[in-house]
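Read through the structure below, which is laid out as structure tokens, and then see the notes.
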Amino acid sequence: MNENNNGGNGVGLGIQHRKSPFAEYFKEVIYGGIDGIVTTFAVVSGFSGAALSSDTTTQLTFIVVLLFGLANLFADAVSMGLGNFLSVRSEKDQYAILRAKERSLIQMNPASEKEETIALMRTKGFSETDAKTLADIYSTNEDYWLDFMMANEYEMSDPRGDNPVLTGLTTFGAFIAFGAIPILPFIFLQDMTSVQMFQVSTIGTILALMLLGMMKWKIVGTGFARSIGEVVLVGATASIIAFMVGTFFRF
């Protein structure tokens with residue numbers, strides 16, 4: 001009965017510590033989300049800063065923001081998504097080539113590779129005896145030995161479980177979803193003045209950044225204040241710079 005319970009607990013622990021699909025691609029959500037917010041709000045900030053000078057510019061601001069904001073939103077989202085897709089594909093190809101090379105070396109000259117393993121173990125703080133013992137154990141399991149060599153000799157993480165399509169789509173989706181927030185007031189609140197729309201856009205942007213920060217806190221587990229503060233600070237810094245640059249182009 002105890003053995004069955006232990007086995008069940010083992011399975012349960014394995015499931016418990018397995019990453020959820022959302023957590024697996026959370027880096028892309030943060031990456032795409034922040035970049036999307038900053039990109040579109042930079043357009044809003046820049047043109048709003050420029051619009052402080054004249055009534056004519058003020059009247060045209062919402063049209064300009066929509067044109068440039070939407071163009072940047074979709075163009076950059078596609079660029080980010082495809083860039084992430086190609087990045088993961090390239091990383092997987094490089095890893096596969098180096099792993100095949102290392103496998104060939106292990107099979108053709110295991111003694112030399114074992115010496116390399118011992119040397120690597122020594123740099124990790126193992127004694128000569130322990131390093132030799134571990135190298136002997138690793139040599140009995142070629143795949144595990146390869147994992148060790150790839151991580152420690154080439155200092156490469158294993159990307160074989162990464163899905164480049166899902167990575168690219170997640171980046172694209174996060175960019176669109178969060179990047180659209182700063183320009184929503186210029187789509188749905190056109191009865192407002194340009195300044196009012198900018199104020200609503202600013203509030204929406206801050207709330208979106210805070211949401212990303214809360215997601216980071218929930219998924220990553222960093223401190224609540226730090227998670228939100230870091231994300232908001234990065235976004236706010238880029239936005240303030242864009243607004244200040246915009247004020248230099250007053251009409």
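The values are calculated or read from the model by the stated rules, or taken from the named source; none is laboratory data. All figures in this text were calculated on a predicted structure; none of them were measured in a lab. Here the Cβ is made from the backbone with ideal geometry for all residues, glycine too, and neighbour counts use every protein chain on show.
Restricting attention to segment 179-227, the residues being within 17 Å of I37 (Cβ to Cβ) and acidic (D, E) number 0. Somewhere in segment 196-214, is a residue over 24 Å from V231 (Cα atoms) and more than 24 Å from the chain's Cα centre (by Cα)? Checked segment 196-214: at least one residue is over 24 Å from V231 (Cα atoms) and more than 24 Å from the chain's Cα centre (by Cα). Restricting attention to segment 65-117, the residues being exposed (fewer than 13 other Cβ atoms within 10 Å of the Cβ) and among the charged types (D, E, K, R) number 2. Against the criterion of being at negative phi and modelled with pLDDT under 90, G83 does not qualify.
For segment 152-175, the condition holds for at least one residue, the condition being that it is of a type in the set (F, W, Y), in contact with a helix residue (DSSP H, G or I) (Cβ under 8 Å, 6 or more places away or on another chain) and more than 30 Å from A111 (Cβ to Cβ). Of all the numbered requirements in (1) in contact (Cβ under 8 Å) with a residue 40 or more places away in the chain; (2) crowded, with 16+ Cβ neighbours inside 10 Å; (3) over 15 Å from the mean Cα position of the chain (by Cα), T170 misses one, and that requirement is (3). Put simply, of D162, D147, D191 the only residue that is among the acidic types (D, E) and surrounded by 16 or more Cβ atoms within 10 Å (Cβ to Cβ) is D162. Among the residues of segment 148-165, are any farther than 30 Å from T117 by Cβ and touching a Leu at 6+ places or on another chain (Cβ under 7 Å)? Scanning segment 148-165, I find no residue that is farther than 30 Å from T117 by Cβ and touching a Leu at 6+ places or on another chain (Cβ under 7 Å), so the answer is no.
When segment 38-57 is examined, which residues are found to be part of a helix (DSSP H, G or I), modelled with pLDDT under 75 and surrounded by 24 or more Cβ atoms within 10 Å (Cβ to Cβ)? Residues satisfying the conditions are F47, S48. Output the residue which, of all residues in segment 214-251 that are of a type in the set (S, T, N, Q) and within 24 Å of G46 (Cα to Cα), is modelled with the highest pLDDT. So, considering only residues that are of a type in the set (S, T, N, Q) and within 24 Å of G46 (Cα to Cα), the one modelled with the highest pLDDT is T237.
Can you tell me which residue is surrounded by the fewest Cβ atoms within 10 Å (Cβ to Cβ) among those in segment 210-227 that are within 18 Å of G179 (Cα to Cα) and among the aliphatic types (A, V, I, L, M)? Can you show your working first?
To start, the set of residues in segment 210-227 that are within 18 Å of G179 (Cα to Cα) comprises 210-216.
Right, trim to among the aliphatic types (A, V, I, L, M) and you get 210-212, 214-215.
Numbers: M210: 16, L211: 16, L212: 24, M214: 14, M215: 18.
So the residue we want is M214.
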